[in-house]
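Every read-out reported here was derived from the displayed coordinates using simple, explicitly stated rules and does not represent laboratory data. In this text, all values refer to a predicted model and were calculated from it rather than measured experimentally. Ideal geometry is used to build each Cβ from the backbone, glycine not excepted, and the neighbour counts take in all protein chains shown.
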There are 2 protein chains.
Amino acid sequence: MKQDVIFFGSEDLKKLDKEFRRNFINSLSGYRSVNLCGTVNKKGITNLAIFNTVIHIGSEPPLIGMVIKPSSVPRDTLSNIIETGYYTLNHVAEEFIFKAHQTAARYDSNKSEFEIVKLRPFFTKTLPAPYAEESPVKIGLRLIEQFRLKSNRSTFIVGEVIETIIPSSLILNDGLLNLSLAHVVASSGIDTYYATQKIGRLSYPSPGKDIDLIG
Amino acid sequence: MKQDVIFFGSEDLKKLDKEFRRNFINSLSGYRSVNLCGTVNKKGITNLAIFNTVIHIGSEPPLIGMVIKPSSVPRDTLSNIIETGYYTLNHVAEEFIFKAHQTAARYDSNKSEFEIVKLRPFFTKTLPAPYAEESPVKIGLRLIEQFRLKSNRSTFIVGEVIETIIPSSLILNDGLLNLSLAHVVASSGIDTYYATQKIGRLSYPSPGKDIDLIG
């Protein structure tokens, strides 16, 4: 090991300054997706909140997971999802990261973030939750499972993808989305945004066979 | 909506070609982190497997989640984690993406991927699981919670971070990791790797206050 390497043990981590720990641990898991979650409550008030805790679970059936903190800013999101059973996820493109980031502010439940940050709600007949029209990748989901984590009282929800709305130009012939063409951003920590540049696609891994660059 | 937008509904998604759906749904959730998970079984045989389903859960206590598929390639990983209670996550840098990707091949349980792909195991006294020495960001975890998802029989595990080993040059003054300096990669789908370029850090969101670029 090189000399300039820092070891933090359990006790060191506990002693870290609160702000330092928040930035450090939030960036520790690696790059994160950035999605706006669109929901609506029974009164018809729409909500839009940024999440960087969205994760792929499986493709057959198509399932996406999301961690929702117990007392984090977008707390209307979970109650709306449970109330209506539906929500949308909308990828964030570089051109509207400021608006997307602003949805994390702690607004009253009777105000819609769509109006506040000036993103346009877009509805389909499939589900009651609103999409963000500006988003290049729109995903409609139906809540199918939820867990309360004992370790920090977060909720882990699983949604089945029931609709996708995506420009054809972003969908490659074999199904892969060209996220960098759409200027979809990645994030790290709680406030840092990244553009991406494709390194390459790698071949299917099999024992005894070298990995090749295939795209 | 523009004319070139493709709507897929639930029935459309079910009818997609298997390969197309796998690529499409795997890239639908957005950018993904890329981590090598290091484990060891009771016989002392080490295992290293690539995961792009790692997710931040909380910073106090420091918790990281991971989805493990029921019959995916790195099936030794889950049994080793349950057997020993410990595992490591190691960020993948651009210089060893071929080796990292190769760990997804379906090897016999009695062979170690460290030897096969030629990455070096590195141990500390804190936990029995091996780190990948080449990785710029090494995280030691203790299993504290697991759920079996009903929707597709995946397992969602939660680990508490009990050790981190990171070059000091990558840790900014306020705790944020400079992942792009370490050439840590992001991924999309099952086989596409990306380098990143920082767009910027955005200010803390508060109602009535504009978002600024702060770094």
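Close Lys pairs in the stretch B:30-195, defined as Cα atoms under 16 Å apart and 8 or more places apart or on different chains, number 6. Under 10 Å, Cα contacts only: if you run a Gaussian network model on chain A, which one of A:Gly175, A:Gly85, A:Gly44 comes out with the highest mean-square fluctuation? Of A:Gly175, A:Gly85, A:Gly44, the most mobile in the Gaussian network model is A:Gly175. Across the identical copies, the label point of B:Arg153 (7 Å from Cα in the Cβ direction) is separated from its matches by 3.6 nm, in order from shortest.
Annotation for the stretch A:43-95 versus the stretch B:14-48: alpha-carbon center distance of 22 Å.
Shielding by partners for peptide A:49-56, expressed as the average number of C-beta atoms from other protein chains within 10 Å of each residue's C-beta, is 5. Between A:Glu163 and A:Gly140, the built amide H atoms are under 5 Å apart, and every one of these is 5 or more places off in sequence or on another chain. Result for chain B in a Gaussian network model with C-alpha springs under 10 Å: among B:Ser154, B:Ser169, B:Ser33, the largest mean-square fluctuation is at B:Ser169.
Counting each DSSP H run of 4 or more residues in chain A as -39500 (n - 2.57), what helix-only mean residue ellipticity at 222 nm follows after dividing by all residues, to the nearest 500 deg cm²/dmol?
Working: 5 runs with 38 residues, N = 215.
It comes out at -4500 deg cm²/dmol, rounded to the nearest 500.
Using a Gaussian network model of chain A in which every pair of alpha carbons under 10 angstrom is joined by a spring, one finds that among A:Leu181, A:Leu48, A:Leu141 the greatest mean-square fluctuation is at A:Leu181. Over the Cα atoms of the stretch A:30-195, the radius of gyration divided by the Kirkwood radius equals 0.93; this is the Rg/Rh ratio.
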